[in-house]
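Okay, structure first, notes after.
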There are 4 protein chains.
Amino acid sequence: MATRKLKIACAGLGRMGARHAMNLLTRTPRAELVAVFSPEPKEIDWARRELEPSGVKIYTDYDEMLSHPSLEAVLIATVTTAHAEEAIKAIEADKHVLCEKPLSTSVEISQSVVDAANRKPHLKVMCGFSRRFDSSYREAYERMESGAIGRPSVFRSQTCDRLDKSGFFVAYAEFSGGIFVDCNIHDIDLALWFLGQDSVVKSVVAMGICAVEPDLRKHKDVDNGVGIVEFWNGKIAYFYSSRMMAAGQHDMTEIVGTNGKLAVNANPVGSLVEMYEPTGVRREIPSDYWGRFQNAFVTEANEFTAACLDNAKLPFKLSGAVQAVQIGCALQESLNTGKKISYDETGRRVETAKL
Amino acid sequence: MATRKLKIACAGLGRMGARHAMNLLTRTPRAELVAVFSPEPKEIDWARRELEPSGVKIYTDYDEMLSHPSLEAVLIATVTTAHAEEAIKAIEADKHVLCEKPLSTSVEISQSVVDAANRKPHLKVMCGFSRRFDSSYREAYERMESGAIGRPSVFRSQTCDRLDKSGFFVAYAEFSGGIFVDCNIHDIDLALWFLGQDSVVKSVVAMGICAVEPDLRKHKDVDNGVGIVEFWNGKIAYFYSSRMMAAGQHDMTEIVGTNGKLAVNANPVGSLVEMYEPTGVRREIPSDYWGRFQNAFVTEANEFTAACLDNAKLPFKLSGAVQAVQIGCALQESLNTGKKISYDETGRRVETAKL
Amino acid sequence: MATRKLKIACAGLGRMGARHAMNLLTRTPRAELVAVFSPEPKEIDWARRELEPSGVKIYTDYDEMLSHPSLEAVLIATVTTAHAEEAIKAIEADKHVLCEKPLSTSVEISQSVVDAANRKPHLKVMCGFSRRFDSSYREAYERMESGAIGRPSVFRSQTCDRLDKSGFFVAYAEFSGGIFVDCNIHDIDLALWFLGQDSVVKSVVAMGICAVEPDLRKHKDVDNGVGIVEFWNGKIAYFYSSRMMAAGQHDMTEIVGTNGKLAVNANPVGSLVEMYEPTGVRREIPSDYWGRFQNAFVTEANEFTAACLDNAKLPFKLSGAVQAVQIGCALQESLNTGKKISYDETGRRVETAKL
Amino acid sequence: MATRKLKIACAGLGRMGARHAMNLLTRTPRAELVAVFSPEPKEIDWARRELEPSGVKIYTDYDEMLSHPSLEAVLIATVTTAHAEEAIKAIEADKHVLCEKPLSTSVEISQSVVDAANRKPHLKVMCGFSRRFDSSYREAYERMESGAIGRPSVFRSQTCDRLDKSGFFVAYAEFSGGIFVDCNIHDIDLALWFLGQDSVVKSVVAMGICAVEPDLRKHKDVDNGVGIVEFWNGKIAYFYSSRMMAAGQHDMTEIVGTNGKLAVNANPVGSLVEMYEPTGVRREIPSDYWGRFQNAFVTEANEFTAACLDNAKLPFKLSGAVQAVQIGCALQESLNTGKKISYDETGRRVETAKL
């Protein structure tokens, strides 16, 4: 008599993977987490404690997990470098796929996932741009769509991580694709959402500095980056990313239209408590993206599940993930070459020399 | 191999009951909603659509529901006038009980539930003071307990409902117990929590007006009330309740200590969107208590479930529910007689004539 | 060819008096500060340095100052106990008078100033309720008058001083008239302004505690007080005053109407700087009333000057100062007797025994 | 016996000039406004009404005004195109000069004013970067200097004017120098102040759009511009300027350091009133720069006056005005050529072709 549930597996049980697994287990009523995969002993231990008692099967081999009986869908939350291969394997095994962002830090590899998905149009394949599921961003989008700010024209967005003095970000930079691909990928995706997914890039420029982590230079990265993207439709987006926010995570976005502006999280809110102290009035802000976006991940899991079960449309196209990586890589290239990069109206790159 | 779940039923499927039922069904992983009860055909219809497909049994008779096989716990969310009787019946049938506030608008009847619970000490019986489960209130309490504001001394709290021009509040006032019992019961409970559950009331006074609903007078009620409660431990609490907030629900609390102040929800937040418009900067606020406290209800359901399954202590005592109703009724009495009410240090009422 | 200026003197050069004198000297273009009076050697020294070089004559005798050639007006900022006598003397000497609040902590003495002023209707005599000149309060009043919140119904206002551990407030309490007269006098005056100067008090009740300064009890005072005032026109005002705000001065007001609410300074602003620090986001607030209201005092001086020169109407009546003291004294009495005080519809006090 | 006052004249009585004149007349105690100049009949009329009665002499010829007996200083607030010539004339006539920003929209002409001033080192010559006198910016600077945010690294600043549908900005653009010179000149000056006046520009890039005023293109201007400036000391500044803010003027600045961030006016404040309305909570913001910065102009006038009278150091050097125009012009050039502009470590421009 019970309603049918989507049999789903979760690949990767690191920081984010474990959270995805718990969401699927306890906060996604229409999903049944049947299997998980991790190659890491520590993660396996965690899964034994937290998941196995609820009947979740643990795999240390991704391919074996894919063969779990009746498995219908896979959520991929492994390291970025594994995303594309695992996604393609899952698609080929006829599973729906929700893949953490980015598909890859390479445009070509990202495109290969899209190609694989296009060959299986009956599958739901989505890249996990979690902010698209955040209720505040959705509210802002609906207000914009209803005409509240006139024509959206200038888009500003930042992703700023809490300062981490452990050196984590240096090691991480080796495979992250760089700050514009790793952090601003979200902002870029939002820009495409708010300014129009069909916006064609006209030019891209970026600059950056190493204010706290000079060692980032060896990975051609920075800890603070600023970039501008101009579109052929007369719209403009600019981005800031940082690894050194003292107060916590501060991701925010502004959409300026011809008749108003929408700001999302300009004033970050950790809780509804304000403290009046001898030094003034203080409020805390979320220390990481999880504190800011955890509900968005729950919505993401639920909507993906529903789309699979009901064969409904996903809220956005997989190809957008390639567009976002493309822009992120161009910003990163501009940062490193010192050159502005230009495109013609069809989106084809124009040689700088010809400018 | 699956973990054991608490078999629970939900009595009452009105506005709040339906929400409780959905929380138990989809957001309380350790609970299994096995049965619901409602005498209302419309609510039954809703349950057929939303609950039955998930295997929930529907009853139109409360006693029959209590006899549902293996039932362990009941959440009571019927009309206030039914709370006490149903709670006592459930206790006598050896079920754990989570009863919506207030147990009753009568002190004596409220006490009878406590008495029944005391006869079954192995049962978990809790009154649903949802704000005790709100993360911001909990954060404030922890900060206070850690000494952040010195000795808490003055407590201010308000429960302000959105203006409802339909006349709903007049009809509702017939059984609500009055604005101090219905709205401020939460604030009173919070005052006891923050100022000390063992605080003894010294005096109580209240005044009020009918600003938008003169017909409330026929139920000895008002649409705006202000009350003060003084405690023998040298602390003071004051309350405001209103039925005419234009912008939405605005429940807020301030705890003033000898070295700082904590404010909870002084600046209500509907979302993280701020709108810059020709008329200024605007943000929306939650339109009702659900918009403000929905996560608290989820936490409440989960913690109650865990306490039942693990035979753990509930976060607060049932007797507090009687204290809160007692103060609420005294405020309501003061409002209607125009007299200040006093108590001696043992909490015994002192005749006004002797003052 | 120069425009005529009002020849004015300033009596009292203490904390507030010195500020008034400087405002008259440097920020009141149509006034000419010609004389000052102080009996205090330290204040005289200050005046020699700061005022004499600009041609201001210094007096140590109030009566002599009143005889300063061509003197037209006097601003009285001496100790409260001297206000009334000096104001009456100045009125009798045919000078316009701007007297700091309160005229006196006694209703009768306050009334005697009004009586004196009534005998000289050609003079401008004003009590310095500075908040009436504050641009935010004025904006709120205009919005209310324009109908923005419907009918104003509930008024809440607080005056909260920064915690001062020096014991200053204990000594000060001997002559201050008590916290409701000293602090809340401003809030009471605002209540009369916003709810209608002709509002007749129906009842008054107050409670208070000594949270940080137990010695206040010897002056029949408290360091935290809460009071309610009910009016016969169906409106209600409630007040909070405190001497222990850790973060700074926090005076705020809310006017709740049948269709909206106006809040003045609910979020105090020391400057436009917000600090993002490892402990969160912080802003400072003004540490004293001067930080909050200094511009209001400048406006006050300028408008009083203009009214004198142009024989224009003052923005509010002197008699309001008696009303405010009357309510303040009643709150203080209620605090100390523990009794609610009632009045009939003509404003005559009703014996408690008869209630 | 009166203290000596600086005899000053005000050239230009337009929107800003009139305000400067009134400030000198009524809010600058140590200055005496003795003369004004304007060629505009309407402005002359205004001066007859508002200034002449106070003894101010009105001139319609700038050179004659310079010859006003005993004149010591001139405040220049005429049209931008006249600034430099008039400033140089005044310097040559041995007058102190406070010149509205910018000295000129041309780097060379701006430099000629600096050269003139250098030939008369006994004179005080200042460019009116009003934000340097704003108390919030000063507070932020002091906090930064005290080490509150570690090393300042990323600077963001915007100047956003209220949307003006009259077409004013199109006509204005003919002589304004473009949005980066006209609006962002302030932000650029602030960047130099906060990041170090000796910061050497490494590269400059800008993009912009015409979202509401396509006609701006004919003056090579835009209504929304974004620019980035990278410095050789490893710091970065980025700017936004706009002519289409619906809610009002919103100028704001963020200084991100290695250990914290300071935000100035991130949340613009028109008054301390917050309105709770059926559509939410609303606050108004200043509609123009005057609403935001009027006190800064008063401080500017007073500090300039004091520096002249006391032969004290001005708070910043005149040469900074050339630096700011230089950067503003480079941003404007980059906007129009589509090219990034680079400089070597000595500040010499590097040919783009060589990049």
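The values are calculated or read from the model by the stated rules, or taken from the named source; none is laboratory data. Given the structure is predicted, the values throughout are model-derived calculations rather than measurements. Every residue, glycine as well, gets a Cβ built from its backbone with ideal geometry; the counts of neighbours run over all protein chains shown.
Overview of results
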{"quantity": "Unmet criterion (only one of (1) away from chain A (no Cβ under 14 Å); (2) touching a residue at least 12 places away in the same chain (Cβ under 8 Å)) for B:GLY150", "calculated": "(1)"}
{"quantity": "Yes/no for D:GLY328 being in the same structural domain as D:GLY225 (by TED's automatic domain parsing), buried (at least 24 other Cβ atoms within 10 Å of the Cβ) and either part of a strand (DSSP E or B) or not β-branched (Val, Ile, Thr) (or both)", "calculated": "yes"}
{"quantity": "Single residue of segment D:69-117 satisfying the filter (touching a Leu at 6+ places or on another chain (Cβ under 7 Å) and of a type in the set (Lys, Arg)) that is farthest from D:ALA35 (Cα to Cα)", "calculated": "D:LYS89"}
{"quantity": "Evaluation of A:GLY208 against (1) farther than 30 Å from D:ASP221 by Cα; (2) surrounded by 24 or more Cβ atoms within 10 Å (Cβ to Cβ); (3) touching a Gly at 6+ places or on another chain (Cβ under 6 Å); (4) facing another protein chain (nearest Cβ under 9 Å) (one fails), failing number", "calculated": "(1)"}
{"quantity": "Those residues of segment B:96-111 which are surrounded by fewer than 18 Cβ atoms within 10 Å (Cβ to Cβ) and of a type in the set (S, T, N, Q), in sequence order", "calculated": "B:SER106"}
{"quantity": "Residues within segment A:249-268 that are surrounded by fewer than 24 Cβ atoms within 10 Å (Cβ to Cβ) and either modelled with pLDDT under 95 or of a type in the set (Asp, Glu) (or both), tallied", "calculated": "1"}
{"quantity": "Any chance A:ASP221 is acidic (Asp, Glu), at pLDDT 95 or above and surrounded by 24 or more Cβ atoms within 10 Å (Cβ to Cβ)", "calculated": "yes"}
{"quantity": "Filter result for the condition that a residue is within 14 Å of another protein chain (Cβ to nearest Cβ) and over 25 Å from C:LYS317 (Cα atoms), over C:THR60, C:THR26", "calculated": "C:THR26"}
{"quantity": "Residue check, D:THR80 within 14 Å of another protein chain (Cβ to nearest Cβ), surrounded by 16 or more Cβ atoms within 10 Å (Cβ to Cβ) and modelled with pLDDT under 95", "calculated": "no"}
{"quantity": "Residue list for segment D:253-266, filter: more than 18 Å from the chain's Cα centre (by Cα) and facing another protein chain (nearest Cβ under 7 Å)", "calculated": "D:VAL256, D:THR258, D:ASN259, D:GLY260, D:LYS261, D:LEU262, D:ALA263, D:ALA266"}
{"quantity": "Residue in segment C:154-175 that is within 30 Å of C:LEU33 (Cα to Cα) and either in contact (Cβ under 8 Å) with a residue 24 or more places away in the chain or assigned to a helix (DSSP H, G or I) (or both) present", "calculated": "yes"}
{"quantity": "The lone exception for A:PHE297 - which of (1) closer than 18 Å to A:LYS202 by Cβ; (2) surrounded by 16 or more Cβ atoms within 10 Å (Cβ to Cβ) it fails", "calculated": "(1)"}
{"quantity": "The one condition in (1) surrounded by fewer than 20 Cβ atoms within 10 Å (Cβ to Cβ); (2) farther than 19 Å from C:THR26 by Cα that D:ALA11 fails to fulfil", "calculated": "(1)"}
{"quantity": "Hey, B:SER70 out of contact with any Asp or Glu (no Cβ under 7 Å at 6 or more places or on another chain) and at positive phi or not", "calculated": "yes"}
{"quantity": "Enumeration of residues in segment C:297-349 that are polar (S, T, N, Q) and either under 23 Å from B:SER342 (Cβ atoms) or touching a Phe, Trp or Tyr at 6+ places or on another chain (Cβ under 7 Å) (or both)", "calculated": "C:THR299, C:GLN332, C:SER334, C:ASN336, C:THR337, C:SER342"}
{"quantity": "Selection count where residues are facing chain D (nearest Cβ under 10 Å) and either in contact with a helix residue (DSSP H, G or I) (Cβ under 6 Å, 6 or more places away or on another chain) or part of a helix (DSSP H, G or I) (or both), scope segment C:271-294", "calculated": "4"}
{"quantity": "Only one of C:GLY128, C:GLY147 that is of a type outside the set (Phe, Trp, Tyr), modelled with pLDDT of 95 or more and surrounded by fewer than 22 Cβ atoms within 10 Å (Cβ to Cβ)", "calculated": "C:GLY147"}
{"quantity": "Test: residue in segment A:261-269 that is under 30 Å from C:MET245 (Cα atoms) and in contact (Cβ under 8 Å) with a residue 60 or more places away in the chain", "calculated": "yes"}
{"quantity": "C:SER342 vs. criteria among the small types (Gly, Ala, Ser) and part of a helix (DSSP H, G or I)", "calculated": "no"}
{"quantity": "Enumeration of residues in segment C:193-212 that are part of a loop (DSSP other than H, G, I, E, B) and under 22 Å from the mean Cα position of the chain (by Cα)", "calculated": "C:GLY196, C:GLN197, C:ASP198, C:SER199, C:VAL200"}
{"quantity": "Residues located in segment A:224-252, provided they are at the interface with chain D (Cβ under 9 Å from one of its Cβ atoms) and not in a strand (DSSP E or B)", "calculated": "A:GLY234, A:LYS235, A:ALA246, A:ALA247, A:HIS250"}
{"quantity": "Filter pass, A:GLY320 being buried (at least 24 other Cβ atoms within 10 Å of the Cβ), away from every other protein chain (no Cβ under 11 Å) and within 17 Å of the chain's Cα centre (by Cα)", "calculated": "no"}
{"quantity": "Tally of residues being crowded, with 24+ Cβ neighbours inside 10 Å, within 14 Å of chain B (Cβ to nearest Cβ) and touching a Cys at 6+ places or on another chain (Cβ under 9 Å) across segment C:161-182", "calculated": "1"}
{"quantity": "Candidates A:ILE149, A:ILE188 - the one that is assigned to a helix (DSSP H, G or I) and among the β-branched types (Val, Ile, Thr)", "calculated": "A:ILE188"}
{"quantity": "Test: residue in segment A:19-36 that is of a type in the set (Val, Ile, Thr) and touching a strand residue (DSSP E or B) at 6+ places or on another chain (Cβ under 6 Å)", "calculated": "yes"}
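Listed here are the residues, each with its yes/no results for (1) in a loop (DSSP other than H, G, I, E, B); (2) touching a Ser or Thr at 6+ places or on another chain (Cβ under 8 Å); (3) closer than 29 Å to D:GLY178 by Cβ.
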position: D:GLU254; (1), (2), (3): no, yes, yes
position: D:VAL269; (1), (2), (3): yes, no, no
position: D:ALA296; (1), (2), (3): no, yes, yes
position: D:LYS313; (1), (2), (3): yes, no, no
position: D:GLY320; (1), (2), (3): no, no, yes
position: D:ALA324; (1), (2), (3): no, no, yes
position: D:GLU333; (1), (2), (3): no, no, yes
position: D:ASN336; (1), (2), (3): no, no, yes
position: D:THR346; (1), (2), (3): yes, no, yes
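Residue-wise test of (1) acidic (Asp, Glu); (2) within 17 Å of B:ASP221 (Cα to Cα).
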residue: B:ASP161; (1), (2): yes, yes
residue: B:ALA171; (1), (2): no, yes
residue: B:PHE175; (1), (2): no, yes
residue: B:ILE188; (1), (2): no, no
residue: B:ALA191; (1), (2): no, no
residue: B:PHE194; (1), (2): no, no
residue: B:ASP198; (1), (2): yes, no
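Residues checked against (1) under 17 Å from C:PHE316 (Cβ atoms); (2) over 16 Å from the mean Cα position of the chain (by Cα); (3) within 12 Å of another protein chain (Cβ to nearest Cβ):
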{"residue": "C:LYS120", "(1), (2), (3)": "no, yes, no"}
{"residue": "C:MET126", "(1), (2), (3)": "yes, no, no"}
{"residue": "C:ASP134", "(1), (2), (3)": "yes, no, yes"}
{"residue": "C:ALA140", "(1), (2), (3)": "yes, yes, yes"}
{"residue": "C:GLU145", "(1), (2), (3)": "yes, yes, no"}
